[in-house]
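What follows is a short report on a single structure.
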Amino acid sequence: MKKEDCIFCKLSNGEIPTNALYEDDIVKVIFDLNPASKGHVLIIPKNHFDDIYSMDNATAAHVFQTAVKVSKAMKEALNCDGLNIVQNNGEAAGQTVFHFHMHIIPRYEGDTVNIKWIPGKAEAEEITELKEKIAQFM
Ligand code: AMP
Ligand code: ZN
């Protein structure tokens, strides 16, 4: 389940060598080439999934378990003040590499990382409408 010419397939399966933080049968955790902060890593499944929509439950569960493992270690080792988990799907959401990956971004008071949005408003009717629309596919 690898994809031809996919950089993350090559990195996660060792075709391109990398100094991985962690590896098991299902995932590889690598340091981001252009880190947002000190310790920014990517959790990459070894099988190819373009994005979250094509991912199976077992892999998804393992990715998140790995996120917990890495986050706890980051907190101990780097003494970071916070930590963001970011996972982009689709160009509109900022995805640039189309092999599923999860960002773990340690945060430090006063750092330059910017993960913010303008808080909006949602009316009760709109929430009910959204619930009916989305829940039917779950
Ligand atoms: P995204 O925008 O969520 O698709 O994130 C892609 C991430 O992959 C970016 O943070 C890049 O810096 C990172 N990246 C791209 N190529 C490599 C590479 N060869 N090794 C490590 N990280 C990479
Ligand atoms: Zn891939």
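The values are calculated or read from the model by the stated rules, or taken from the named source; none is laboratory data. In this text, all values refer to a predicted model and were calculated from it rather than measured experimentally. All Cβ positions, glycine included, derive from the backbone under ideal geometry; neighbour counts span all protein chains shown. Only protein heavy atoms, including side chains, enter the accessible area calculation; ligands, DNA and RNA are left aside. Shrake-Rupley method; radii C 1.70, N 1.55, O 1.52, S 1.80 Å.
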Counting only DSSP loop positions in segment 1-64, the GluC sites (Glu not before Pro) whose Cβ has at most 16 other Cβ atoms within 10 Å are Glu4, Glu15
Angle, helix 124-135 long axis vs. longest principal axis of the chain, Cα atoms, 0 to 90°, nearest 10?
-> 50 degrees
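Hey, what's segment 92-138 come to in accessible area per residue, 1.4 Å probe, Å²? Working shown, then result.
On the way: 4030 Å² over 47 residues.
It amounts to 86 Å² per residue over segment 92-138.
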Taking Cα atoms, how many degrees apart are the long axis of helix 57-78 and the longest axis of the chain, rounded to 10 and kept between 0 and 90?
-> 70 degrees
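Just the projected area, averaged over all directions, of the convex hull on the alpha carbon atoms of segment 65-107: how many nm²?
Values: hull surface 13.3 nm².
Computed as one quarter of the Cα hull surface, the answer is 3.3 nm².
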Residue-level accessible surface for Thr96, protein heavy atoms, 1.4 Å, Å² = 120 Å²
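Using a 1.4 angstrom probe on heavy atoms only, work out the carbon and sulfur share of the accessible area of the chain in %. List each step's numbers first, then the result.
On the way: 5250 of 9550 Å².
Answer for the chain is 55 percent, counting heavy atoms of protein chains only.
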Given a 1.4 Å probe and the protein chains all in place, what does the accessible area of Ser37 round to, in Å² to the nearest 10?
-> 10 Å²
Which of the aspartates and glutamates could a cross-linker span from Lys69 if the Cα-Cα distance has to be under 19 Å and same-chain partners fewer than 8 positions apart are dropped?
-> Glu23, Asp24, Asp25, Asp32, Asp81
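With +1 on each Lys and Arg Cβ and -1 on each Asp and Glu Cβ, and nothing else charged, work out how big the dipole of the chain is about its Cα centre, in Debye to the nearest 20. Before the final figure, lay out the partial values.
Working: 14 positive and 20 negative charges, 80 e Å.
Roughly 380 debye for the chain.
For segment 57-138, which trypsin sites (Lys or Arg not before Pro) are both in a DSSP coil and crowded by at most 15 other Cβ atoms within 10 Å? Before the final figure, lay out each step's value.
On the way: sites: Lys69, Lys72, Lys75, Arg107, Lys116, Lys121, Lys131, Lys133; in loops: Lys116, Lys121.
The qualifying sites are Lys116, Lys121.
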Name the residue farthest towards the positive end of the dipole of the chain from the options Ile118, Thr59, Val41, assuming +1 on Cβ of Lys and Arg, -1 on Cβ of Asp and Glu, about the Cα centre.
-> Val41
Rg from C-alpha atoms of the chain, normalised by the globular rule of thumb 2.2 N^0.38 Å, equals 1.19
Any cysteines in the chain with zero other Cys Cβ atoms under 4.7 Å from their Cβ? List them, or say none.
-> Cys80
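Counting only C-alpha contacts under 8 Å and six or more residues apart, can you give the relative contact order of the chain as a whole percent? Write out the running numbers ahead of the final one.
Numbers: 176 pairs, mean separation 31.9, N = 138.
Value for the chain: 23 percent.
Please go through segment 92-138 and write out the GluC sites (Glu not before Pro) that DSSP classes as loop and that have at most 13 other C-beta atoms within 10 Å.
Numbers: sites: Glu109, Glu123, Glu125, Glu126, Glu129, Glu132; in loops: Glu109, Glu123.
Hits after loop and neighbour filter: Glu109, Glu123.
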Heavy-atom accessible area per residue of segment 1-53, all protein chains kept, 1.4 Å probe, expressed in Å², is 60 Å²
Of the listed pairs Lys75/Lys131; Lys2/Lys133; Lys3/Lys28, those with alpha carbons more than 28 Å apart are Lys75/Lys131; Lys2/Lys133
